1. In region 36-57, is there at least one residue being at pLDDT 90 or above and polar (S, T, N, Q)?
2. Name the residue, out of E128, E61, that is loosely packed, with under 10 Cβ neighbours inside 10 Å, among the charged types (D, E, K, R) and not in a loop (DSSP other than H, G, I, E, B).
3. I'd like to check something: does region 68-78 contain any residue that is outside any strand (DSSP E or B) and at pLDDT below 80?
4. Going by the structure shown, is Y138 touching a residue at least 60 places away in the same chain (Cβ under 8 Å) and within 28 Å of D12 (Cβ to Cβ)?
5. Mind telling me which of the residues A84, A118 ends up being crowded, with 17+ Cβ neighbours inside 10 Å, modelled with pLDDT under 85 and not in a strand (DSSP E or B)?
6. Count, please, the residues in region 87-110 that happen to be exposed (fewer than 14 other Cβ atoms within 10 Å of the Cβ) and within 15 Å of Y69 (Cβ to Cβ).
7. Of (1) over 21 Å from E133 (Cβ atoms); (2) out of contact with any helix residue (DSSP H, G or I) (no Cβ under 7 Å at 6 or more places or on another chain); (3) part of a strand (DSSP E or B); (4) modelled with pLDDT of 85 or more, L106 satisfies all except one. Which?
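The values are calculated or read from the model by the stated rules, or taken from the named source; none is laboratory data. Please read these numbers as outputs of a predicted model, since none were measured by experiment. Using ideal geometry, Cβ is built from the backbone for each residue, glycine included, and neighbour counts are taken over all protein chains shown.
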Amino acid sequence: MRYAVIYTIDTDDENEMVAFIPTDFKKWNNTESYDNQPGEMSEYMFHRKYCRVLNQAEFDEFVGQTGMYASDIETMGVIGHLDAFGDIILGLSPAISFDNTDGTYLNAYVTPYIENAAGEPEPGYDWETVRDEIITKYKA
């Protein structure tokens, strides 16, 4: 299985920011990066957003590093998602929200892709079944 991940970090502590940047961050696409000045209209001082397609081992490592868990909430999905090959596609795709709100706001929208034996995306899988399995595996 592969996972298209859009990962957001928001914190007031620059050291925490560094702690939650993916260990292999050079392989991730950094799509947003800004530091607010005191007094600006923002709840958090430091913000980063990354995206990448991960294989199963990479995804498990990512979840372990961030301490995030799957949330059983309905999302609106993602627009302009990554497909299983890492290409950006214009359109809608369902997503599972992963969170960790222990002081630092971390969130990831995750779209799983089932693969066939050749490692290619398997079309037509039952989204609700896959969603339920992932939430069960990665719940808090």
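1. Checking region 36-57: at least one residue is at pLDDT 90 or above and polar (S, T, N, Q).
2. Details: E61 fails: loosely packed, with under 10 Cβ neighbours inside 10 Å.
After ruling out the rest, the residue left standing is E128.
3. Filtering region 68-78 down to residues outside any strand (DSSP E or B) leaves 68, 71-77.
Checking which are at pLDDT below 80 leaves us with none.
No.
4. Working: touching a residue at least 60 places away in the same chain (Cβ under 8 Å): yes; within 28 Å of D12 (Cβ to Cβ): yes.
Taking the combined requirement at face value, the residue satisfies it.
5. Numbers: A118 fails: crowded, with 17+ Cβ neighbours inside 10 Å.
Just a single option satisfies the conditions, and that option is A84.
6. Looking only at that region, the number is 2.
7. Evaluating L106 over (1) over 21 Å from E133 (Cβ atoms); (2) out of contact with any helix residue (DSSP H, G or I) (no Cβ under 7 Å at 6 or more places or on another chain); (3) part of a strand (DSSP E or B); (4) modelled with pLDDT of 85 or more leaves (2) as the failure.
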